[in-house]
Amino acid sequence: MLKSREQRKLKEILRDIQECDKIDKVQRLVKNFALYREGELKEKVGDLHSITPLFELFNGIPEFQFSIEDNKYCKCNHKHCRSFEFAPLTLVTIQNLKDSQGNITRAVNEKLISYSNKCIKCEEISSTNRTVISYPVFLFLLLEICDEFNSLEARDSFAEFPTIFIPQLLKINQHSYSLYSICYFQNLHYTVHINNAVHPKLRINEKTWFYHNDLSDNGYFAKSNPVFKFEMTEDEDLPYILLYKLN
């Protein structure tokens, strides 16, 4: 799927990772990729949320994007139609989570349904019909809540909603997605849970959850089950980026 010139370096890195026989070699390749992007693109990967530009490498790849069509037919006879793709990193805003009371399934589905807004001609409120033309195979969700409230101290007086629920099975219309990864970002540090990790040379091929934090366990994967319900004012870690795969 990685065919463009911009994606070439990532394709090389992924190929090299497949050949690694030790986890520290994987870590070194990832850090080298970050240094490459810092040198070539003047980007500080992992510093102050800047992991997100990495997902731009998946722009234009249908397997990573929703294809959407919006149609408005106002009573003033004005028609407005547009087709577009959601970015490979689909944003779930704080308002989305507030409206859904922290329920991610509801938050995502409500981004994909018809809605009402002003007509650009007569300014009357009318319905816009939203249709999902195609669904991604790999669905990345970014929970914006982590950008602003990435520490327990920052959430000390948080009152928008009490909990966040992560579905292991995410249903969008007639499509079903399984959760494969949870990336956390707390106190300027990334950690991750990975499900069904497979790597022949690292001898990882288990249908279970692993946890990775390069500041503990010597950077190795540790078997560890994630939680799927997070208390906003009690849990230190909150989910930041979720990876789902179409069943």
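Every read-out reported here was derived from the displayed coordinates using simple, explicitly stated rules and does not represent laboratory data. These figures come from a predicted structure and were not determined experimentally. So basically every Cβ, Gly included, is an ideal-geometry build from the backbone, and we count neighbours across all protein chains shown.
Annotation: cysteines of the chain without a disulfide-compatible partner (Cβ-Cβ under 4.7 angstrom) are 20, 81, 146, 183.
Taking only the Cα atoms of region 126-177, the ratio Rg/Rh comes out at 1.09, with Rh defined as the Kirkwood radius. The calculated 222 nm mean residue ellipticity attributable to helices in the chain amounts to -5500 deg cm²/dmol, summing -39500 (n - 2.57) over DSSP H runs of n ≥ 4 and dividing by all residues. Sort out the exposed loop trypsin sites (Lys or Arg not before Pro) in the chain (DSSP loop, at most 16 other Cβ within 10 Å) and tell me the longest stretch that has none. That gives 122-200 as the longest site-free run.
Comparing 179, 97, 215 in a Gaussian network model of the chain where C-alpha atoms under 10 Å apart are linked, the largest mean-square fluctuation is found at 215. Amide H to amide H, with H built 1.01 Å from N, residue 175 comes under 5 Å of no residue 5 or more places away or on another chain. Excluding same-chain residues fewer than 8 positions from residue 31, which aspartates and glutamates have a Cα within less than 20 Å of its Cα? Excluding near neighbours in sequence, the set is 6, 12, 16, 19, 21, 40, 43, 47, 56, 214, 217. Here the label points at residue 198 and residue 117, each 7 Å from Cα along the C-beta direction, are separated by 4.0 nm in the simple model.
For region 204-247, the spherically averaged projection of the C-alpha convex hull amounts to 4.6 nm². The phi torsions of region 160-176, fed into the Karplus equation with coefficients 6.51, -1.76 and 1.60 and a -60° offset, translate into couplings of 5, 7, x, 9, 10, 10, 9, x, 6, 10, 9, 9, 10, 6, 9, 9, 10 Hz, rounded to whole numbers, with Gly and Pro shown as x. When you restrict to C-alpha pairs under 8 Å that are six or more residues apart and normalise by the size of region 46-246, the relative contact order lands at 22 percent. Among 199, 212, 80, whose mean-square fluctuation peaks in a Gaussian network model of the chain (Cα, cutoff 10 Å)? In this elastic network of the chain, the residue with the biggest mean-square fluctuation among 199, 212, 80 is 80.
A P(r) calculated from all alpha carbon pairs of the chain, with 5 Å bins opening at zero, reads 1, 5, 11, 15, 17, 16, 13, 10, 5, 3, 2, 1, 0, 0 percent.
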